[in-house]
Amino acid sequence: MLEQNNIEPVAVVILNWNGKKYLQEFLPFLLKSTYSGLHVYVTDNGSTDGSLAFLEENYPQVTLINNKINLGFAGGYNLALKSVSEEYVVLLNSDIEVTPGWIEPAIALFQSDPTIGAVQPKIMDFKNRKSFEYAGAAGGWIDILGYPFSKGRIFDVLEEDHGQFDQVADIFWASGAAMFVRKSAFNKAGGFDGFFFAHQEEIDLCWRMQKAGYTIKSCPSSMVYHIGGGTLSKDNPRKIFLNFRNNLIMLYKNLSFAEAAWIIPARFALDAISAWKNLLSGQPSFFKAIMKSHFAFMRWIFKSRRSAVYPVVSQIKPKGVYKGSVVWQHFVRGKSKFLEIIHVEN
């Protein structure tokens with residue numbers, strides 16, 4: 001626990017888009033947080049469900065930032081953080097229930113090491129509270145081909161929490177569902193790539209943070225419960241499109257030319273296999289979303305968008321990278337637990 005004289009201001013910023021029902025349910029938990037230096041912001045992405053009126057009437061202590069239009073996760077937070085003066089910022093989904101004392105250990109971790117750029121709490125399933133939740137679980141990793149997975153979540157398979165990830169550890173990415181970030185590191189890395197709109201932007205940011213010399217940590221003594229799919233379900237075609245397109249863009253931006261020359265074609269092939277598998281399984285919308293994402297990625301390249309983002313040349317090797325293929329380990333070898341897969345690597 002932090003000593004009182006070490007309390008530093010912390011901004012919790014909730015990005016809201018028609019999430020009034022979640023604000024009604026979960027904002028009271030947040031406002032009961034024990035951290036004395038807490039400042040709560042809600043930034044609204046053009047909601048039409050009365051969210052702003054509800055907040056103005058019931059929570060005058062919450063600072064409102066009105067973006068007026070839907071800028072997505074990336075653009076919405078980029079704009080919001082320009083209005084936030086605190087160095088320590090928590091990006092928090094509206095569909096999250098926080099727990100007592102969830103802020104203190106993460107801030108203490110930041111204070112212990114100035115090279116830490118982002119911290120992720122343990123993210124548990126709101127509906128099955130013994131299980132990790134899809135969006136980050138106990139901390140994000142990535143494999144050699146750019147497939148993200150988590151400590152406690154391999155593709156759609158979720159583990160129960162038995163204390164197997166209860167140590168602070170290096171990770172590759174911190175989930176945008178509940179992401180503690182050092183604002184100076186966020187700015188140095190260039191913030192989120194607004195073109196992403198939503199999905200994988202936090203992985204891209206954490207990659208660039210590491211290339212800029214920062215580390216990303218998991219902090220399991222901080223815990224939250226996440227509903228997940230509060231805006232779009234994971235099977236929504238729009239979400240599938242954004243995930244596949246943005247993942248390819250992220251690889252193109254952050255890999256060396258030699259790495260990208262073989263990894264991106266390999267990803268195209270594996271994505272195509274997934275698309276055809278789903279088409280033959282009676283899910284044509286999944287097939288269309290992946291094909292659409294590939295064409296969108298190619299358009300992005302031809303428009304030379306790489307020069308418009310934030311390339312950081314660095315020899316630093318990022319942490320939280322599995323040198324093998326999580327696709328192979330899971331779908332071919334039947335490995336469904338994080339420690340089974342990482343044990344294979346070692």
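The values are calculated or read from the model by the stated rules, or taken from the named source; none is laboratory data. Keep in mind it's a predicted model, so treat the numbers as computed, not measured. Glycine also receives a Cβ, built like all others from the backbone with ideal geometry; neighbour counts cover every protein chain displayed.
Conditions tested, residue by residue: (1) in contact with a Leu (Cβ under 6 Å, 6 or more places away or on another chain); (2) in the same structural domain as Y214 (by TED's automatic domain parsing); (3) among the acidic types (D, E).
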| site | (1), (2), (3) |
| --- | --- |
| F54 | no, yes, no |
| E57 | no, yes, yes |
| E104 | yes, yes, yes |
| S112 | no, yes, no |
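Given the residues S94, S47, which is the only one that is in contact (Cβ under 8 Å) with a residue 40 or more places away in the chain, in a loop (DSSP other than H, G, I, E, B) and surrounded by 14 or more Cβ atoms within 10 Å (Cβ to Cβ)? Spell out the reasoning first.
Numbers: S47 fails: in contact (Cβ under 8 Å) with a residue 40 or more places away in the chain.
Answer to the check: S94.
Could you please let me know if D49 is over 23 Å from Y225 (Cα atoms) and either in contact with a His (Cβ under 6 Å, 6 or more places away or on another chain) or modelled with pLDDT of 95 or more (or both)?
yes
Report the residue count in region 81-91 for those that are β-branched (V, I, T) and in a strand (DSSP E or B).
Qualifying residue count for the region: 2.
Please determine whether any residue of region 141-156 is in contact with a helix residue (DSSP H, G or I) (Cβ under 9 Å, 6 or more places away or on another chain), more than 23 Å from I116 (Cα to Cα) and of a type in the set (S, T, Y).
Start the filter on region 141-156 by keeping residues that are in contact with a helix residue (DSSP H, G or I) (Cβ under 9 Å, 6 or more places away or on another chain), which leaves 141-155.
From what's left, more than 23 Å from I116 (Cα to Cα): 144-145, 147, 153-155.
If we keep only those that are of a type in the set (S, T, Y) too, we end up with 147.
Yes.
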Taking region 196-223, which residues are part of a strand (DSSP E or B), within 14 Å of the chain's Cα centre (by Cα) and of a type in the set (A, V, I, L, M, F, W, C)?
I216
Picking from I216, I227, I249, the residue that is more than 30 Å from F29 (Cβ to Cβ), β-branched (V, I, T) and crowded, with 18+ Cβ neighbours inside 10 Å would be I249
